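Here's the structure we're looking at; comments come further down.
Just so you know, all these numbers are worked out from the coordinates, no wet-lab data involved. Just so you know, these numbers come straight off a predicted model, no measurement behind them. Glycine also receives a Cβ, built like all others from the backbone with ideal geometry; neighbour counts cover every protein chain displayed.
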Amino acid sequence: MSSIQLVDVTFRYPHAKDDQLAHFNLRVAPGSCTALLGPSGCAKTTVLRLIAGLERPASGEVRIGDACVASSTSFQAPEARGIGLVFQDYALFPHMTVQRNVEYGLRGMSREQRKQRVAETLDMVGLSELHSRYPHQLSGGQQQRVALARALAPRPKVLLLDEPFSNLDANLREQVRHEVRELLERAGVTSVLVTHDSADAQALASDIVHMEPISTAQTTR
């Protein structure tokens, strides 16, 4: 399990007039879940992109575990960071079965090793019996679990979740929140959740960072 740290990070998108983040600090303890909570435009997703390596800070440092993965003088490529991503729309491949979707991110393993790892991960998310189905044959909650399984299969150091419940209706949302929390605890992975819904944050996270545009963030428990 790895910690995540952003130390005095400042970031501005090209051609933007203002900084999206200014001297921003964040620490996520190993094995814990921290939620970034706030309205649109407060740079929640920008923080995820900086952790993932999709953006580079103008100043400050991004650290995963003991490694500095980004600073003004150094930068580690996204694929070398050990990051798992769960997107708002799940980003499942519609032409691939559940099994192939989960297997997609596995590299450097034999065919048998991949098969075993997929089976273990599908069992963890409770989808073993649905391995041969396609995404359109699944409910919204089941698609959510496939997206989680695909992100967890490579055993990432860190898992990043960007508004993972926004496509679920109200009836499913509470159930899936509970399932995801159990999965994160079982996997023991350090995670960051981006959401504008305080109920999402309270259901999953041990720490909640309240964000506003270019303001000092507050951490609560």
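Starting from the Cα-Cα distance between Phe87 and Arg181, subtract it from 0.36 nm times their residue separation and give me the gain in nm to one decimal.
Fully extending the segment from Phe87 to Arg181 adds 32.2 nm.
Identify the trypsin sites (Lys or Arg not before Pro) of region 1-89 meeting these criteria: DSSP loop state and at most 11 other C-beta atoms within 10 Å of the C-beta.
Listed in order of number, the matching sites are Lys17.
Among DSSP beta bridges whose residues both lie in region 124-221, state the antiparallel percentage, nearest 5.
40
Taking 0.36 nm per residue of sequence separation and subtracting the Cα-Cα distance, how much length would be gained by fully extending the chain between Ala119 and Arg12, in nm to one decimal?
34.3 nm
Once the Cα atoms of helix 170-187 and of the chain are each reduced to a long axis, what angle between those two axes, in degrees from 0 to 90 to the nearest 10, is obtained?
Taking Cα atoms only, the helix is inclined about 90 degrees.
What's the magnitude of the charge dipole for region 92-155 around its Cα centre, counting Lys and Arg as +1 and Asp and Glu as -1 at the beta-carbon? Answer in Debye, nearest 20.
Taking the Cα centre of region 92-155 as origin, the dipole is about 220 debye.
Hey, which aspartates and glutamates would be in cross-link range of Lys115, C-alpha to C-alpha under 14 Å, not counting anything within fewer than 8 residues on its own chain?
Glu103, Asp123
Of Gly41, Ala205, Ser139, whose Cα points farthest to the positive end of the dipole of the chain (charges on the beta-carbon: +1 Lys, Arg; -1 Asp, Glu; origin at the Cα centre)?
Of Gly41, Ala205, Ser139, it is Ser139.
Note down the nm distance, to one decimal, between modelled labels 7 Å out along Cα→Cβ at Asn171 and at Arg100.
Simple spin-label model gives 3.2 nm for this pair.
Count the net charge of all other residues whose Cβ sits under 15 Å from the Cβ of Leu168, scoring Lys and Arg as +1 and Asp and Glu as -1.
-4
Pick from Met124, Met96, Met109: which residue has the top mean-square fluctuation in a GNM of the chain where Cα pairs under 10 Å get a spring?
So, out of Met124, Met96, Met109, the one fluctuating most is Met109.
In terms of the Cα gyration tensor, with a ≥ b ≥ c the square roots of its eigenvalues, is region 73-187 rounded because a/c is under 1.5, prolate because a/b exceeds b/c, or oblate?
oblate
Calculate the length of the line joining the C-alpha centroid of region 93-140 to that of region 1-44, in whole Å.
Distance between centres, Cα-based: 32 Å.
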